[in-house]
Each structure stands twice: as structure tokens, then as C-alpha cells.
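As C-alpha cells, the structure follows; a few thoughts come after it.
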Amino acid sequence: MTDYSTLALFIDGRFVSADTRTTEPVFNPATARPIADLPHATDADLDEAVAAAARAFPAWAATTAVERSAILRRAAALIRERIEAIAVVMTLEQGKPLAESRGEIAYAADVIDWYAEEGRRTYGRVVPSRVPGVVMTVTHEPVGPAAAFTPWNFPALTPCRKIGGALAAGCTLVLKAAEEVPGTAVEIARAFADAGLPAGVLNLVFGDPATVSARLIAASEIRKVSFTGSTAIGKSLMRLCADDLKRTTMELGGHGPVIVFDDVDVEAVAETAAIAKYRNAGQVCISPTRFFVQAAVHDRFAARFTEVARSLKVGDGLGAGVQMGPLANPRRIAAMEALVQDARDRGGRIETGGERHGNEGWFYAPTVITGLDDAALVMCEEPFGPVAPIVPFDDFDEVVGRANSLPYGLAAYAFSSSARRVADIGAALKAGMVGINTLAVSNPETPFGGVRDSGHGSEGGAEGLLAYLDVKLTASA
Ligand code: NAD
């Protein structure tokens, strides 16, 4: 497999190969065959990664924002230069179509560029004093070495959100990227190394997730933890952080409601919604996932949505014209099967899909289900896969109550041509990100994050930088 990365840990500026370390296989989800062996960090490696981040911190924090920015921008430029090679690595290990891999990597480079620039604007302020002669200034200081944990659905974007925020703020970082998709993370680390990042500022480790996170979070040098993944794991990491009161950013699960009123171009909205739903085979935390459609247009919406789902070309992400790849791991297949079985048991109508696709790899067919009530499993649990339930609603208050009924609050969407409804629904939906007449709520320059069980804190936007900064008041008489 010559196109795949040479896997390694990256500790204190050096790439560390397997040697005598234990390894685990990395699979191509389109074939379910192994493509590489990933070294696991030993306890000593993890301790060394933390020590390296701690040693590098004072000098990196003292490096001027302009110099830090220049290094980040060089890394972003290298990632862009290498986009074709990294996209192949990403598709081989994660499965998404090559065009999606390219798009994600370009976006990840934009995120680094944006943080590089925003890091230069870490302004403080002078507050008028109540006492003559006293000067009160508010400044920001990097919180310290940080640890970050990223999942397998966006192998470039999620690591770059955390790397960009931490490094631009003057923090150093130990990143544990997902073991399913290590090649992309290694290539990102390589771009930073080649851009002249000082040793120890960024470290990359892999291993058993629970063992690695417990050891990194227990280290007293680590002052900030950023996690993207499931709500259950986020809560367990929060408990580990509590002992030492470490600051946290938790970007957890969601179950994005999409409310479609009957005053829109129904077919056009159905097409937009279906394309967005099956992007990355539905393995997106802000994916539109619960479709509430006003009763008068429900059938038309479901019919067009189903047509789009049926028309999608599903296959190996490296194949020409493929629009949806496999699921990233066999756990997602089992999850889809459980959701669909529950829907069948409740008398739901499988409009299309409802089964695995092909005989090889971890494919599941784009699936549409109608005729469910809100108690169905797929209406309550984040599907994180290509299964879309579509249900009718009658009026505004009813649908707002149903949309807000889950403990999640990541992304929520609504479509209407009434200005009044747009204003009202925007205010009523409980979510960290609300899209109205659009499903595009993720940008480098806007905050990305949730409320309630979807977590707290933001990545991206000015908020993403503040997540790695402490606030200091200096009163000087
Ligand atoms: P999971 O809960 O086992 O793992 C989720 C992620 O957390 C994975 O990347 C995993 O490597 C990591 N992880 C697991 N245990 C950890 C620990 N103790 N310390 C540090 N990291 C740990 O579930 P999964 O089967 O990998 O994914 C399924 C669910 O995870 C999905 O249903 C979805 O809710 C959630 N998820 C969310 C996102 C997101 O972008 N918010 C991404 C991937 C998965």
C-alpha cells in the first residue's frame, strides 16, 4: 500500500516508529482489509510527550504572535500543497469520497490560517478605575500545555481545529488522534514539523483511548483538555479533569432537527437536505438527522428525499463519481442495523435502503424511514450513519417542543419563507448552532459547539482562541 502514510508517533519533534511497541491494524473500510500497523505509545512515550509539551511551553508562549502566525501559515500552505496525497490517505483509512477528503483538507488548512491571523489579535483592554491613579488592565495568557482527543469522522478538520486554537494562543499540545484514521494526523504533524515548528510544541500519540486519556489527563502539566466524540466519553473525561480542575472544551454528540414548513420550495429543500444528510455517510455531528415536515408537504418532501437517497452512487471513495463511501468502522454497521430493526418493529416504512450495501467492506445503503413516532430509537439516538427518519408535524409550538425534547443541543435547522417564523424559530431552538434556510453552519471564523449534552465551549471563531487563554486582571496603583 504505497499511497498510505508511514505511521509513527510524533514526540518532541521526532517521528517514532513501532520498534518494539505493540501495534494495531488500520483498516480500509471499503474493503475491511488491513492497510498498515499503528504503533501504540508506551507509558514512557506518553510521559515523554507531556514532558516535551511542558518543556516547550515557556518559549512557545513567549514567541511573538506574529512569529507563531508565520509558522502556522507555513504549515497550512504545506497542507494545501500536499492535498492530493493526504486526500488519498484519508479516503484509504476513513472511506469518504476523494472529493470530500480534498474539501475537508482545504477547510482544515483554512482553519489553521484563520487561527494564525486571529492569534495576532489577542487584544487586552484597559478598564477605567474607581480609584484615581490606578490602572486596570485585562490581558490573556496561554493556559498551558493541552491534551486533545479527536474522533475518526473528520481526520484532518478536527485535529486542525484543536492544533490551530492551541498553537495560535501560545499553548503546546499532546494530540491523541483516532486510531482508525492515524495517517492523516501523521501527515498534518509532518506539515507542522516541515514548517519549522519547534520540538515539543505539537506531539501526536496513539494507543488504547481510555489508557491514553487517563494518563495524559492525570499529568499535572496538562492544563486544558479538548475532546470531540460521544457524550458518554465526554462525561467520563470531564470526571477525570475534575480532580485537577482542568479547563475543558467538549464537542459531543448531536441529533440535529430539521423543521420544514409548508411555505418553502419543498423539492429543493428535500434535495439540499438529502445531500447534506448523506455527506460522510451521515457520520457528522452536525448532520441534519430528524426531519420534521409540515403535514401538507410531508409526502412530497419524503418522495424527493428518497429519490435523491436512491440515486446516490455508493462505493469505494477512490472510485470515480462515488458520492457516499463506507461507514468508518463495523460498530456503525451494528448501530444502523439496531436502529432499522427498531423502526421495523414499530411499523416504520423503509422507503429505501434498510440493509448493508455490497458484499465487501462496511457499506450501509442510504436509508429513509417514514411512519415513525418520536419514541423510535432513531428519533432519540444520534444515528451517526446514513439513516434518515422523516415525520410530519402540524403547528409551530408542537414542532418546537418535539425538536427541543432531546438532551442534545448541537445543531438545529429550519426552513421557511416567512420572516416572522424565521425570527421566532431561531429564538426557540435550543442549540449551539442554528441554520435557517441553510444547512451550512460550520466556518473557520464562527464558533462551533453545543449546549446541554452536546457539550460546552467552542472551536472556531474568536471563542475558539479564548478556549486556550486564561484571563488576567492587573490593577496597578
Ligand atoms: P466511542 O464513544 O467509543 O468513541 C468516540 C470517540 O472517542 C472515538 O474517536 C474514540 O477513539 C474516542 N474515545 C473513546 N473512548 C475514549 C477515552 N476513554 N478517552 C479518549 N477518547 C476516547 O464511540 P465510537 O463507536 O467511536 O463512535 C460512536 C459515537 O461517537 C457516535 O454515535 C457519536 O455519537 C460519537 N462521535 C461523535 C463525533 C463528533 O464529531 N462529535 C465523532 C465521532 C463519534
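Confirm whether A414 is assigned to a loop (DSSP other than H, G, I, E, B) and modelled with pLDDT of 95 or more.
No: the conditions fail for A414.
From the list G460, G455, pick out the single residue that is touching an Asp or Glu at 6+ places or on another chain (Cβ under 6 Å), within 16 Å of the ligand (Cβ to nearest atom) and not basic (K, R).
After ruling out the rest, the residue left standing is G455.
Name the strands (runs of 3 or more DSSP E) wholly inside the stretch 1-75 in which the number of residues that are small (G, A, S) and surrounded by 17 or more Cβ atoms within 10 Å (Cβ to Cβ) is 1 or more. Before the answer, list the steps.
Details: elements: 9-11, 14-16, 23-28, 33-39.
Of the strands (runs of 3 or more DSSP E) lying wholly inside the stretch 1-75, those with at least 1 residues that are small (G, A, S) and surrounded by 17 or more Cβ atoms within 10 Å (Cβ to Cβ) span 33-39.
Whether any residue in the stretch 206-217 is in a strand (DSSP E or B) and either within 8 Å of the ligand (Cβ to nearest atom) or not hydrophobic (A, V, I, L, M, F, W, C) (or both) is what I want to check.
There is no residue in the stretch 206-217 that is in a strand (DSSP E or B) and either within 8 Å of the ligand (Cβ to nearest atom) or not hydrophobic (A, V, I, L, M, F, W, C) (or both).
In the stretch 123-154, what residues are at positive phi and either under 33 Å from the mean Cα position of the chain (by Cα) or within 16 Å of the ligand (Cβ to nearest atom) (or both)?
G144
Only residues that are of a type outside the set (S, T, Y) and in a helix (DSSP H, G or I): list them for the stretch 417-455, please.
Those that are of a type outside the set (S, T, Y) and in a helix (DSSP H, G or I): A419, R420, R421, V422, A423, D424, I425, G426, A427, A428, R452, D453.
What tally of residues in the stretch 341-391 results from selecting those that are in a loop (DSSP other than H, G, I, E, B) and within 16 Å of V314 (Cα to Cα)?
Here the count works out to 14.
I need the full set of residues from the stretch 7-44 which are within 20 Å of L202 (Cβ to Cβ) and out of contact with any strand residue (DSSP E or B) (no Cβ under 8 Å at 6 or more places or on another chain), in order please.
G13, R14, T42, A44
Within the stretch 155-166, take every residue that is of a type in the set (A, V, I, L, M) and more than 28 Å from D244 (Cβ to Cβ) and give me the one that is nearest to the ligand (Cβ to nearest atom).
Of everything passing the filter in the stretch 155-166, L157 is nearest to the ligand (Cβ to nearest atom).
Counting just the residues of the stretch 231-259 that are without any contact (Cβ under 8 Å) to a residue 40 or more places away in the chain and outside any helix (DSSP H, G or I), which one comes out nearest to the ligand (Cβ to nearest atom)?
Restricting to residues being without any contact (Cβ under 8 Å) to a residue 40 or more places away in the chain and outside any helix (DSSP H, G or I), the top hit is K246.
Looking at the stretch 176-200 only, could you name the residues that are over 20 Å from S226 (Cα atoms) and either in a helix (DSSP H, G or I) or within 12 Å of the ligand (Cβ to nearest atom) (or both)?
Answer for the stretch 176-200, where residues must be over 20 Å from S226 (Cα atoms) and either in a helix (DSSP H, G or I) or within 12 Å of the ligand (Cβ to nearest atom) (or both): G183, E187, R190, A191, A193, D194.
Considering the stretch 293-328 alone, what residues qualify as being in contact with a Ser or Thr (Cβ under 6 Å, 6 or more places away or on another chain) and surrounded by fewer than 18 Cβ atoms within 10 Å (Cβ to Cβ)? If you could, list the steps in order and put the result at the bottom.
Start the filter on the stretch 293-328 by keeping residues that are in contact with a Ser or Thr (Cβ under 6 Å, 6 or more places away or on another chain), which leaves 302, 306, 309-310, 317-318.
The one that is in contact with a Ser or Thr (Cβ under 6 Å, 6 or more places away or on another chain) and surrounded by fewer than 18 Cβ atoms within 10 Å (Cβ to Cβ): R310.
For E100, state whether it is in contact (Cβ under 8 Å) with a residue 60 or more places away in the chain, touching a His at 6+ places or on another chain (Cβ under 7 Å) and either surrounded by 15 or more Cβ atoms within 10 Å (Cβ to Cβ) or part of a helix (DSSP H, G or I) (or both).
Considered against the rule, which asks whether it is in contact (Cβ under 8 Å) with a residue 60 or more places away in the chain, touching a His at 6+ places or on another chain (Cβ under 7 Å) and either surrounded by 15 or more Cβ atoms within 10 Å (Cβ to Cβ) or part of a helix (DSSP H, G or I) (or both), E100 comes out as no.
State whether the residues of the stretch 263-273 include one that is modelled with pLDDT under 95 and either closer than 24 Å to E104 by Cα or surrounded by fewer than 24 Cβ atoms within 10 Å (Cβ to Cβ) (or both).
Looking through the stretch 263-273, none of the residues is modelled with pLDDT under 95 and either closer than 24 Å to E104 by Cα or surrounded by fewer than 24 Cβ atoms within 10 Å (Cβ to Cβ) (or both).
Before we move on, is T211 hydroxyl-bearing (S, T, Y) and touching a residue at least 24 places away in the same chain (Cβ under 8 Å)?
no
For residues that are of a type in the set (A, V, I, L, M), away from the ligand (no atom under 16 Å from the Cβ) and either without any contact (Cβ under 8 Å) to a residue 40 or more places away in the chain or assigned to a loop (DSSP other than H, G, I, E, B) (or both), tally how many sit in the stretch 275-309.
Result for the stretch 275-309: 5.
The values are calculated or read from the model by the stated rules, or taken from the named source; none is laboratory data. Given the structure is predicted, the values throughout are model-derived calculations rather than measurements. So basically every Cβ, Gly included, is an ideal-geometry build from the backbone, and we count neighbours across all protein chains shown.
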